[in-house]
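Asker: Okay, here's the structure, questions in a sec.
The values are calculated or read from the model by the stated rules, or taken from the named source; none is laboratory data. Treat the numbers as computed from the prediction; the structure is a model and nothing was measured. Reconstructed Cβ throughout: ideal geometry from the backbone, glycine too, with neighbour counts over all protein chains shown.
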Amino acid sequence: MLNKGGNRDTTQMLMARSVPGRMGVVTPDLDVPAAPLPAAAYLRDDLPLPEVSEPEVVQYFTALSQLNFSIDTHFYPLGSCTMKYNPKINDEVAFLPGFAGIHPQQPVELSQGALELLYRLQGFLSEITGMDATSLATLAGAHGELAGVLMMRAYHLSRGDTRRTKMAIPDSAHGTNPASAAMAGFDVVTVPSDSDGNTDLDALRALADDDLAGLMITLPSTLGLFDTKILEVCQVVHDCGGLVYGDGANMNALLGRAKLGHLGFDVCHLNLHKTFSTPHGGGGPGAGPVCCGASLAPYLAAPIVAQTAAGDYVIAQPPDSIGKTSGFHGNFGVLVRAYTYIRTLGAAGLTSISGNAVLNANYLMHALKDIYALPYDRTCMHEVVFSADRQHERGVSGLQVAKRLLDYGFHAPTMYFPLIVHEALMIEPTESETKDTLDAFIDALRAIDHEATTDPTLVQQAPHTTPVSRLDEATAARRPILRWQPAAD
Ligand SMILES: *Cc1c(COP(=O)(O)O)cnc(C)c1O
């Protein structure tokens, strides 16, 4: 089935099985009056559909589904940022009829169980981030960022402080940070990183003035590093009257060990579809809750869930809310998975997640840094960023190393991100992989480096074992072909 050469061949696999008159279904004899056919202009004689049996259709689509890499069949060094292993129990709980079948307009008195779950989850996420309040209404990381910076804006304006138009953002921040700040109407000012990969404090001090609304910082940074000067960074921003936004999308590194609120952050978001067990590779549903300290809580996105003195759960609107950011109460199924994940692991389990995630990344770092250049040679967090510069000197790019990994049975890692690392290969193994898997992955990357010397063409033309080789990913995203199409002659 693994015939090479592209889509056309796989669609032709079914056509090749076609036998005139063979059918997958048997339709009953007509027992109602026959309706006239539409006008001839709408009819075609030639409809080149394959004539196949039902099992042939099932076999065809099952074979197609198995051509893909998936988290349930292969190791994904893309990690929590794109796809970590999510325990199946979390899906099962989200599928319970009481959760899956609930209607968002069901009366509050008939939705107490669901509201209690949301209320408790708000509390858990406030606890995990060291904050005072949480809104679950935002549906993605970038969505949470936008809500968070709008809250910062509302806070300054409510105090009559209208001069704060600048948002400082380190060059190691996630790309969505400057986009969110710009959407909220701020002027983005980039803060460089120092030679260790931390925020350049002198550059930040030079910006800290009464026109600075705040700082948006990704922690750990996209270099996979914990900014060791983070306490001073927050202090500098606060001293000039600004607020600090934390991009906590990669909480996999910090769970149970460091709380953003305790480090000095005023507001942050989490990506439940990264850390907290919703599969999202391929752009599935997400949730980017916003957690904040008491001073920003009145501005949280609506709705939030509150509890009355009598113990009932009600849907509430924070007093100075930036308003609604989505329909109804957020992405409920994602929130159920996160709640289940937190409850099944407990506090000790959550702490072990970050411990193992960071240990695994550092294990890979130490096992490979003699071969792959390491621009920032220090303890990493949940991910390690190598550079393929040394392979590039031998004519093999980071992209080609990543593609060659597919031949060894591993998904490719993130490439060419972060932008501040040349030929970047960003590897995030996550907490759930065994040492055996990590060792096999290390062996593969070492073997590819060897091939870059002995047989560079082999690496340059990889992958060789997949049904399709080099895809035009931009066209695939912009003009996707989503249905079977007969071959054009
Ligand atoms: C993924 C990610 C985001 C964006 O999250 P989306 O849900 O894709 O909008 C923001 N910041 C960081 C650090 C991320 O890893």
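Asker: Mind checking which residues of segment 204-217 are touching a helix residue (DSSP H, G or I) at 6+ places or on another chain (Cβ under 8 Å) and farther than 16 Å from Met152 by Cβ? If you could, list the steps in order and put the result at the bottom.
Answerer: Step one: list which residues in segment 204-217 are touching a helix residue (DSSP H, G or I) at 6+ places or on another chain (Cβ under 8 Å), which gives 204-205, 208, 212-217.
Of everything in segment 204-217, those that are touching a helix residue (DSSP H, G or I) at 6+ places or on another chain (Cβ under 8 Å) and farther than 16 Å from Met152 by Cβ turn out to be Leu204, Arg205.
Asker: Count, please, the residues in segment 56-91 that happen to be acidic (Asp, Glu) and farther than 22 Å from Gly409 by Cα.
Answerer: Selection size over segment 56-91: 2.
Asker: Go through segment 302-327 and give me each residue that's assigned to a strand (DSSP E or B) and of a type in the set (S, T, N, Q).
Answerer: Across segment 302-327, the qualifying residue is only Gln307.
Asker: Still on this model: Might you let me know whether segment 237-246 holds any residue that is in a loop (DSSP other than H, G, I, E, B), surrounded by fewer than 24 Cβ atoms within 10 Å (Cβ to Cβ) and not assigned by TED's automatic domain parsing to the domain that holds Asn360?
Answerer: yes
Asker: Then there is this: Specify which of the listed residues (Ala294, Ala301) is in contact (Cβ under 8 Å) with a residue 12 or more places away in the chain and touching a strand residue (DSSP E or B) at 6+ places or on another chain (Cβ under 6 Å). Don't jump to the end; show me each part of the working.
Answerer: Working: Ala294 fails: touching a strand residue (DSSP E or B) at 6+ places or on another chain (Cβ under 6 Å).
One residue alone meets the criteria, Ala301.
Asker: Could you check segment 91-165 for helices (runs of 4 or more DSSP H) lying wholly inside it with 2 or more residues that are in contact with a strand residue (DSSP E or B) (Cβ under 8 Å, 6 or more places away or on another chain) and of a type in the set (D, E, K, R)?
Answerer: 141-158
Asker: Okay, next question. Out of everything in segment 256-295 that is buried (at least 24 other Cβ atoms within 10 Å of the Cβ), among the hydrophobic types (A, V, I, L, M, F, W, C) and assigned to a loop (DSSP other than H, G, I, E, B), what residue ends up being farthest from the ligand (Cβ to nearest atom)?
Answerer: Only one residue fits best here, namely Phe265.
Asker: Looking only at segment 116-153, which residues are of a type in the set (A, V, I, L, M, F, W, C) and away from the ligand (no atom under 16 Å from the Cβ)?
Answerer: Residues satisfying the conditions are Leu117, Leu118, Leu121, Phe124, Ile128, Met131, Ala133, Met151, Met152.
Residue by residue, here is whether (1) among the β-branched types (Val, Ile, Thr); (2) surrounded by fewer than 21 Cβ atoms within 10 Å (Cβ to Cβ) holds:
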{"residue": "Ile304", "(1), (2)": "yes, no"}
{"residue": "Gln317", "(1), (2)": "no, yes"}
{"residue": "His329", "(1), (2)": "no, yes"}
{"residue": "Leu335", "(1), (2)": "no, no"}
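Asker: What are the residues in segment 222-248 that are closer than 22 Å to Thr138 by Cβ and at pLDDT below 95, if any?
Answerer: Across segment 222-248, the qualifying residue is only Thr222.
Asker: Hey, does segment 395-418 have a residue that's among the polar types (S, T, N, Q), part of a helix (DSSP H, G or I), under 23 Å from Phe75 (Cα atoms) and touching a residue at least 24 places away in the same chain (Cβ under 8 Å)?
Answerer: Kept after step one, since they are among the polar types (S, T, N, Q), are these residues of segment 395-418: 397, 400, 414.
Then drop every residue that is not part of a helix (DSSP H, G or I), which leaves 400.
Next, only the ones that are under 23 Å from Phe75 (Cα atoms) stay: 400.
Retained after the next criterion (residues that are touching a residue at least 24 places away in the same chain (Cβ under 8 Å)): 400.
Looking through segment 395-418, at least one residue is among the polar types (S, T, N, Q), part of a helix (DSSP H, G or I), under 23 Å from Phe75 (Cα atoms) and touching a residue at least 24 places away in the same chain (Cβ under 8 Å).
Asker: Have a look at Pro170, Pro178, Pro220, Pro192 and point out the one that is free of Cβ contacts under 8 Å to residues at least 40 places away in the same chain and within 15 Å of the ligand (Cβ to nearest atom).
Answerer: Result of the check over Pro170, Pro178, Pro220, Pro192: Pro178.
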